[in-house]
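> Shown below is the structure under consideration.
The values are calculated or read from the model by the stated rules, or taken from the named source; none is laboratory data. Computed from a predicted model, the values in this text were never measured in an experiment. Cβ placement follows ideal geometry from the backbone for every residue including glycine, while neighbour counts extend to all protein chains displayed. Ligands, DNA and RNA are excluded from the accessible area calculation, which covers all protein heavy atoms including side chains. Shrake-Rupley method; radii C 1.70, N 1.55, O 1.52, S 1.80 Å.
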Amino acid sequence: SVDAQKVHMRLISDATRRIETFVRRLKSFAGIDRADYTRFDPIHALDDVIALLEPEFRDTVRVTKQYGDVPGIYGYAAEMSQVFMHLIRNAAEAIEGGGEVTVGADCDTEHIRIIVADSGRGIASEDIEKLFNPGFSLQDRRVRASLSLFTCLSIVRKHGGDIQVASTPG
């Protein structure tokens, strides 16, 4: 029937748009279009990473975005997207049974701040000091830092920034 054909065409059109959006975000994340040192939008990069990660934890973790007015920055966009991917994935994995990851961005006159917070059980102060050591891991206590946080810190420092951690067990 004509109505069934219209429904099928709408479904095909919607699926095509979703695939196009996914491929665009995947290209953006992979840095295919921007492998050089260039100006990029950190909010756009965060949104791409969140969209790519969402299928991994959409049933257990809610992502809340709190973005201020953040200008574009110069850097290696693909590397910074990798940092965002590691930090957001680590935050989601720190949550047991369901919770929330908040991703924020704001700036002052000198710095842009990207904030990733989770409702997980927290990290002991003696472990925070070790988080960025190569190979550090607390697998049995749900912190999966390993080499990824060491790499994140190296990339952020390469861009003139730093990573700070604040956590309290419980």
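> Which pairs turn up if I take residues in segment 68-84 that are open to solvent by 50 Å² or more (accessible area, probe 1.4 Å) and look for partners that are at pLDDT 90 or above with beta carbon separation below 6 Å, at least 6 apart in sequence or on another chain?
Taking only residues 6 or more apart or on different chains, the pairs are Tyr74/Arg39; Glu79/Ile155.
> While we're here: Select from segment 39-67 the residues that are out of contact with any strand residue (DSSP E or B) (no Cβ under 9 Å at 6 or more places or on another chain) and without any contact (Cβ under 8 Å) to a residue 12 or more places away in the chain and write down the one among them that is nearest to Met85 (Cα to Cα). Before you say what the answer is, go through the steps one by one.
Quick first cut of segment 39-67, residues out of contact with any strand residue (DSSP E or B) (no Cβ under 9 Å at 6 or more places or on another chain) only: 44-45, 48, 51-52, 55-56, 58-59.
With without any contact (Cβ under 8 Å) to a residue 12 or more places away in the chain added as a condition, the list becomes 55, 58-59.
Details: Pro55: 13, Arg58: 15, Asp59: 18 Å.
The selected residue is Pro55.
> Okay, moving on. Go through segment 98-111 and count every residue that is open to solvent by 40 Å² or more (accessible area, probe 1.4 Å) and either within 16 Å of Cys152 (Cβ to Cβ) or in a strand (DSSP E or B) (or both).
3
> Here are Ile128, Ile95, Ile114, Ile88: which of them is touching a residue at least 60 places away in the same chain (Cβ under 8 Å) and surrounded by 13 or more Cβ atoms within 10 Å (Cβ to Cβ)?
The unique qualifying residue is Ile114.
> How many of the residues making up segment 2-22 are of a type in the set (Gly, Ala, Ser) and at pLDDT below 75?
Count: 2.
> Between a residue in segment 147-164 that is at negative phi and surrounded by 15 or more Cβ atoms within 10 Å (Cβ to Cβ) and any residue that is of a type in the set (A, V, I, L, M, F, W, C) and outside any helix (DSSP H, G or I), which pairs come within a Cβ distance under 6 Å, given they are 6 or more apart or on different chains?
Leu149/Leu131; Leu149/Phe132; Phe150/Phe132; Leu153/Phe132; Leu153/Ile163; Val156/Ile163
> Just need a number here: residues in segment 112-143 that are out of contact with any Lys or Arg (no Cβ under 9 Å at 6 or more places or on another chain), part of a loop (DSSP other than H, G, I, E, B), at pLDDT below 85 and not charged (D, E, K, R).
5
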